[in-house]
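Colleague: Quick one: this structure, given as structure tokens, is what I'll be asking you about.
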Amino acid sequence: MVTTEGMEEEEKWLAEGIAAIQHNAFYMSRALDSDNLREALKYSALLLSELRTSKLSPHKYYDLYMRAFDELRKLEMFFREEDRHGCSVIDLYELVQHAGNILPRLYLLCTVGSVYIKSKEAPAKDILKDLVEMCRGIQHPTRGLFLRSYLAQISRDKLPDLGSEYEGEGDTVMDAVDFVLQNFTEMNKLWVRMQHNGPVRLKEKLEKERSELRDLVGKNLHVLSQIEGVDLEMYKDVVLPRVLEQVVNCKDEIAQYYLMDCIIQVFPDEYHLQTLETLLGACPQLQPAVDVKTVLSRLMERLSNYADSSPEVLPDFLQVEAFAKLSSAIGKVIEAQVDMPVVGAISLFVSLLTFTLRVHPDRLDYVDQVLGACVKKLSSKAKLEDSKATKQVVTLLSAPLEKYTDIVTVLTLSNYPRVMDHLDAGTNKIMATIIIESIMKNDTCVSTADKVEVLFELIKGLIKDLDETATDELDEEDFKEEQNSVARLLHMLYNDEPEEMLKIICTVRKHIMAGGPNRLTFTVPPLAFSALKLIRRLQVQDGDMAGEEVPATPKKIFQLLNEIIEALSSVPASELALRLYLQCAEAANDCELEPIAYEFFTQAFVLYEEEVADSKAQVTAIHLIIGTLQKMTVFGVENRDTLTHKATGYSAKLLKKPDQCRAVYACSHLFWVDDQDGIKDGERVLLCLKRSLRIANAAQQQANVTRGSSGPVTLFVEILNKYLYFFEKGNPQVTPAAIQSLIELIKTEMQSDATTPDTASDAFFSSTLRYIQFQKQKGGLMGEKYSPIKV
Amino acid sequence: QNYIIGAFKPACNISITFGDGKSRKPVPLKKENGQTVMVPLFQSQENIAGKISVEPVSGKKAEHNGIKVELLGQIEMYFDRGNFYDFTSLVRELDVPGEIYERKIYPFEFSTVEMPYETYNGVNVRLRYVLKITISRGYAGSIVEYQDFVVRNYTPPPSINNSIKMEVGIEDCLHIEFEYNKSKYHLKDVIIGKIYFLLVRIKIKNMDLEIRRRESTGSGANTHVETETLAKFELMDGAPVRGESIPIRLFLSPYELTPTYRNINNKFSVKYYLNLVLVDEEDRRYFKQQEITMFRLAETS
């Protein structure tokens, strides 16, 4: 209520002010038209008196000011034409000073002053100096700021700048600079003082009003930057020190922040680079509440852009030791501002790091130095608790990853892991994930054991439990995801040199073994496969000549693999282990290492016997075993017999009849390897098939008893297909007669009432028959073979 | 007096012309009836010479007991209006008793007249110079004509002219130091100065510099003092802080000032003061008054 009322009141005052200005402007114009100087002065002073109001906010006051400003332009035009008013500019300069009220007086003085300078009847510097000095009479912040901004405005094109018509004969650039600097200083003082003018409860309002006026102050810096004659030398020796002196001495946070930013934005990058020390030297002297980090960040951003813009400026950066200076400045700021929250310090480091990465991408030592400083800052506390700061640290650590797509570079940074140490477990994991993602995205290959060591140090959050309490709350999905990413990472660790690769594997092993049972199921397989890959490579390379001296021998790796897989027993993940054993056995087979292959099989069988209890799992496992075993060529007769015997034995001992049946007929393949040197024991094949038929029969009967109907004939058809396979492969024990009788059997079964009709098995059977028909009709050798069979 | 006679029968027309009237600068003079007339300007030690023409109306003869011209320096106090105190009185006889038939010209001269005081029109006192021509007649009454003129005396710039510098204040509240570049100013001078704020604990709204004229008339128990503010010149707008210095530049030419008059013929004095006034936000006034000496510098034209 009060505020709206206040605003309405203010509108009213503004309207009154404008009306009065218009009124007096009318009479002033009339006086100007009739070349009446005295009247013109009278009405212009009256008009300007409206600016004496204290009732308007800066925003509204500006409105009023602009109207007066427009009128003053007309007056200035009139002043310029001496023959119209018949008064020399010098006399005019005195005449306007007769006004009793100071504000109109000074506006008029500035207006005449502008004409005076233009007339060149007196040195520009003297007039400027006089004006800027006289303006001290206005100590009211708003009115003073506007008056001085008027002065700045009218003098802008009249400064004795280099190459300007007002330069020379004692008027130098220095005078122009002095003038602007002085006006700037006074304006800033007024601006700062606004803060203290008024009750504390209105602080917020005052701050808002102040910020509306800041550009009036900043404009001076802009003018300074536009002065041609301000070269680097002058900027360094005069302009910057004096501006900074004012900035530091004003002890006002709003002003300091704004002006520092202004300096950074308006002056050329080149100057900043050459005056870094001075500029940065001011930062620790600023008020504690000043957002120095943003200021510095902007500076660094500008410098980075500058460096990007043209490569030829890079030597300058090195020459002035930009990095060292920025780095030490940041250190000092952090030291000076004891109350600065950690997040502030970290974000400063982030900025510095970004700067380094952009300007000196080749200087890893700089990056490490930044991280080192960050560690120092963080070292006061064990873990970072502030979530914002944590976020900043993540940004800090991600920056080098983004820059150096090659993660390997990052691995050389000794302080990188030390920074990570200060993160809490959750963030540590996030960071580790980011690192892994980066590796994946860029397809980076980590190729030495040392680097792997470092890498694992970095991602240890994922590798092992850092914090025991946290594990309970862990989301299973997340955990899976994390571990999967670790698994993917393991494939990126690669070296062409077998020896180094072995080292890498050992290193990885060391780390993942520490990861606890939950992780092993994810991490062991990739590691095992990685090792197997190495074995295969060795096998290709060395063939038989694997010398004893070479440390990376398949044997050795197999030992390692054995240990690795053994670790899974602690999980337990027996099925996984079993698969891995089989994989190893296969590899050992390829390396023609019979004892090792045998050992792996043994392990697999032991696992099967002792650990695989679930019947379904048993089925899967036995099929895997059979499949693998069938491929094995390395075994001598005795070993092979033992293993096949075991496998067949297990098959027949499966719980469900159909499973038994299927496993048994699968076993038939163990005696018939369809390649040149493969074992071809037709008799035992047939034995297996017959046995499976028996089991199928038993299954059928069992079904009949328990459910009153026998199951579908699928099993028989499957067995028939096996018969056909071996028949075609030329197993002499499989005769057309046997096939014929099996076909008949199936047909009878299908017609029997007890059999449950099943379209799938029917279809299966009829397509099998069709196949036979096809083979018969095809003729040739195969056709002949098939001819005895009738369908 | 003049009128009444004129209304009756202006027996003679009297007119006065100064010998160097054409080259002499006319200056405005405010008469007691409020009208401003232009009159010649003299200074002390000058010769005042000219011609007086007496012409009887419409060719009649005019009898008289003698014609004289007097140069009078008079001080008139307003509480005693109409009663002139002549501090200077010089007489020249122009004609012996006789008759005038036609226009007659009388040259006159007062050489190197001592006119120590300047013409002054104050609040309570007036100092004037006048030429008084009297045609004495018997019963018909004398014919008297007056001619005012203005006297201004010029002073060379003083050999010693110290600045005025002073520190004043209210304890723990306001301390300022001000400085005016001179203590003696000529009438078209400029006051240059500075005010330093050494301590500011009050909220100042503005600061003015006033020029005050203090006219004292009479003496002893009858002394009457009148103070006028001739100029009110704003020096500062807003509240300064410690360490600020505010410039002063006040041109005196726009104001109607006179030189400082000290004890003119034991009748009156006119003194000038600079009054520095600070006004705070509650409109309380803090001021410090300093006398300055005004003098008239010969105009170089």
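Only the coordinates and a few stated rules stand behind these numbers; no lab work does. Because the structure is predicted, anything quoted here is derived from the model rather than measured. Glycine also receives a Cβ, built like all others from the backbone with ideal geometry; neighbour counts cover every protein chain displayed.
Colleague: To the nearest 20 debye, what charge dipole does segment B:12-151 have about its Cα centre, counting +1 at the Cβ of each Lys and Arg and -1 at the Cβ of each Asp and Glu? Don't jump to the answer; show the numbers that get you there.
Modeller: Numbers: 17 positive and 18 negative charges, 82 e Å.
Here the size comes out at about 400 debye.
Colleague: Roughly speaking, what is the centre-to-centre gap between segment B:143-215 and segment B:21-67 when only Cα atoms are used, to the nearest Å?
Modeller: Comparing the Cα centres of segment B:143-215 and segment B:21-67, I get a distance of 38 Å.
Colleague: Taking the Cα atoms only, what angle lies between the long axis of helix A:759-778 and the longest principal axis of chain A, rounded to 10 degrees?
Modeller: Result, in degrees: 70.
Colleague: Picking from A:48, A:36, A:98, whose Cα lies most toward the positive end of the charge dipole for segment A:1-118 (charges on Cβ: Lys, Arg +1; Asp, Glu -1)?
Modeller: The one lying farthest along the dipole's positive direction is A:98.
Colleague: Express the C-alpha Rg of segment A:122-266 as a ratio against the empirical globular expectation 2.2 N^0.38 Å, rounded to two decimals. Walk me through the intermediate numbers first.
Modeller: Values: Rg = 15.4 Å, N = 145, 2.2 N^0.38 = 14.6 Å.
Computed over Cα atoms of segment A:122-266, the ratio equals 1.06.
Colleague: Most exposed first by the Cβ proxy, i.e. fewest other Cβ within 10 Å, how do A:782, A:194 rank?
Modeller: By the 10 Å Cβ count, ascending, the order reads A:782, A:194.
Colleague: Bin by bin, in steps of 20 Å, what percent of the Cα pairs in chain B do you find, going until the bin that has the longest distance?
Modeller: Whole-percent P(r) values from 0 Å outward: 27, 44, 21, 7, 0.
Colleague: Using Cβ contacts closer than 10 Å as the measure, can you line up B:15, A:114, B:89 from fewest to most? Don't skip to the answer; put the middle values down first.
Modeller: Working: B:15 14, A:114 24, B:89 11.
The fewest-first ordering by Cβ neighbours comes to B:89, B:15, A:114.
Colleague: Let me ask something else. With the cut-off at 1.5 for a/c, could you classify segment A:1-154 from its C-alpha gyration tensor as rounded, prolate or oblate? Provide the component values of the computation, followed by the final result.
Modeller: Values: a/c = 2.67, a/b = 1.56, b/c = 1.71.
Oblate, since a/c reaches 1.5 and b/c is not below a/b.
Colleague: So for chain B, averaging the separation of alpha carbon pairs under 8 Å that are six or more residues apart and normalising by length, what relative contact order in percent results?
Modeller: Values: 699 pairs, mean separation 43.8, N = 301.
Once divided by the residue count of chain B, the mean separation gives 15 percent.
Colleague: Give me A:191, A:13, A:672 ranked fewest to most by other Cβ atoms within 10 Å of their Cβ, as a rough exposure proxy. Walk me through the numbers on the way to the answer.
Modeller: Values: A:191 26, A:13 16, A:672 20.
Ranked by crowding around the Cβ, least crowded first: A:13, A:672, A:191.
Colleague: Same structure, new question: Could you check which residue among B:68, B:188, B:22 shows the biggest mean-square fluctuation in a GNM of chain B with a 10 Å Cα cutoff?
Modeller: Comparing B:68, B:188, B:22 in a Gaussian network model of chain B, the most mobile one is B:22.
Colleague: Per the helix-only calculation at 222 nm, which mean residue ellipticity applies to chain A, given -39500 (n - 2.57) for every DSSP H run of n ≥ 4 and division by its residues, nearest 500 deg cm²/dmol?
Modeller: Numbers: 39 runs with 572 residues, N = 791.
When only DSSP H runs of four or more count, the value is -23500 deg cm²/dmol.
Colleague: Using modelled backbone amide H atoms (1.01 Å from N, in-plane), which distant-in-sequence or interchain residues come within less than 5 Å of residue B:88's amide H?
Modeller: Counting only residues 5 or more places away or on other chains, the set is B:73.
Colleague: Same structure, new question: List the residues, sorted by chain then number, that are 5 or more residues from residue B:155 or on another chain and whose placed amide H is less than 5 Å from its amide H.
Modeller: Amide H neighbours of residue B:155, under 5 Å, 5+ apart: B:296, B:297, B:298.
Colleague: Let me know the charge dipole size of segment A:122-266 about its Cα centre in debye, to the nearest 20, where only the beta-carbon of Lys, Arg (+1) and Asp, Glu (-1) is charged.
Modeller: Details: 19 positive and 25 negative charges, 217 e Å.
That gives segment A:122-266 a dipole magnitude of about 1040 debye.
Colleague: A further question follows. So, in nm, how far is label residue B:298 from label residue A:157 when the simple model puts each one 7 Å beyond its Cα toward the Cβ?
Modeller: 4.9 nm
Colleague: Residue by residue through segment A:667-683, which ³J(HN,Hα) values in whole Hz follow from phi under the Karplus form 6.51 cos²θ - 1.76 cosθ + 1.60 (θ = phi - 60°), with glycine and proline marked x?
Modeller: 4, 3, 5, 4, 9, 9, 9, 7, 9, 4, 8, x, 6, 9, 10, x, 4
Colleague: Compute the FRET efficiency between residue A:409 and residue A:236 as 1/(1 + (r/R0)^6), taking r as their Cβ-Cβ distance and R0 = 51 Å, and round to the nearest 0.05.
Modeller: Numbers: r = 37 Å, r/R0 = 0.72.
Here the calculated transfer efficiency is 0.85.
Colleague: Provide, for q = 0.05 Å⁻¹, the log10 of I(q)/I(0) from a solvent-free Debye sum over equal Cα point scatterers in chain A.
Modeller: Ignoring solvent entirely, the Cα scatterers give -0.55.
Colleague: Shifting gears a bit: Okay, which of segment B:126-165 sit inside 18 Å, backbone N to the point 7 Å along the Cα-Cβ direction of residue B:79?
Modeller: Answer for this model: B:126-127.
Colleague: Divide by every residue of chain B the summed helix terms, -39500 (n - 2.57) for each DSSP H run of at least 4, and state the resulting mean residue ellipticity at 222 nm, rounded to the nearest 500 deg cm²/dmol. Before the final figure, lay out the partial values.
Modeller: Details: 1 runs with 7 residues, N = 301.
Result for chain B: -500 deg cm²/dmol, rounded to the nearest 500.
Colleague: State, to one decimal in nm, how far the label point of residue A:766 lies from the label point of residue A:748, with both points 7 Å from Cα in the Cβ direction.
Modeller: Label-label distance for residue A:766 and residue A:748, simple model: 2.4 nm.
Colleague: About the Cα centre, and with charges only on the beta carbon of Lys, Arg (+1) and Asp, Glu (-1), how big is the dipole of chain B? Nearest 20 debye, please.
Modeller: Working: 40 positive and 39 negative charges, 106 e Å.
Here the size comes out at about 500 debye.
Colleague: Select from B:26, B:116, B:158 the residue whose mean-square fluctuation is largest in a Gaussian network model of chain B (Cα-Cα springs shorter than 10 Å).
Modeller: Among B:26, B:116, B:158, the largest mean-square fluctuation in the Gaussian network model of chain B belongs to B:158.
Colleague: Another question, then. So which lysines can residue B:60 reach, going by Cα to Cα under 20 Å and dropping same-chain residues fewer than 8 places off?
Modeller: B:9, B:104
Colleague: When the Cα centres of segment A:85-124 and segment A:209-274 are compared, how far apart do they sit, in Å?
Modeller: 30 Å
Colleague: Residue B:146 to residue B:172: extension gain in nm, 0.36 nm per residue of separation minus the Cα-Cα distance? It would help to have the intermediate numbers written out before the result.
Modeller: Values: separation 26, 0.36 × 26 = 9.36 nm, distance 6.23 nm.
Stretched out fully, the residue B:146 to residue B:172 stretch lengthens by 3.1 nm.
Colleague: Relative to the longest principal Cα axis of chain A, at what angle does helix A:240-250 sit, 0 to 90 degrees, rounded to 10?
Modeller: Roughly 90 degrees, rounded to the nearest 10.
Colleague: Run the numbers on chain A and let me know its relative contact order in percent, using alpha-carbon pairs under 8 Å that are six or more apart. List each step's numbers first, then the result.
Modeller: On the way: 920 pairs, mean separation 35.2, N = 791.
Relative CO of chain A lands at 4 percent.
Colleague: In whole percent, what relative contact order does segment A:285-405 give with Cα contacts below 8 Å and a gap of six or more residues? Please report the intermediate quantities before stating the final value.
Modeller: Values: 87 pairs, mean separation 38.0, N = 121.
Relative contact order, segment A:285-405: 31 percent.
Colleague: Next question. Rounded, prolate or oblate: which fits segment A:655-790 when a ≥ b ≥ c are the square roots of the eigenvalues of the alpha-carbon gyration tensor, with rounded for a/c under 1.5 and prolate only if a/b beats b/c? List each step's numbers first, then the result.
Modeller: Values: a/c = 2.48, a/b = 1.34, b/c = 1.86.
It is oblate, given that a/c is not under 1.5 and a/b is not larger than b/c.
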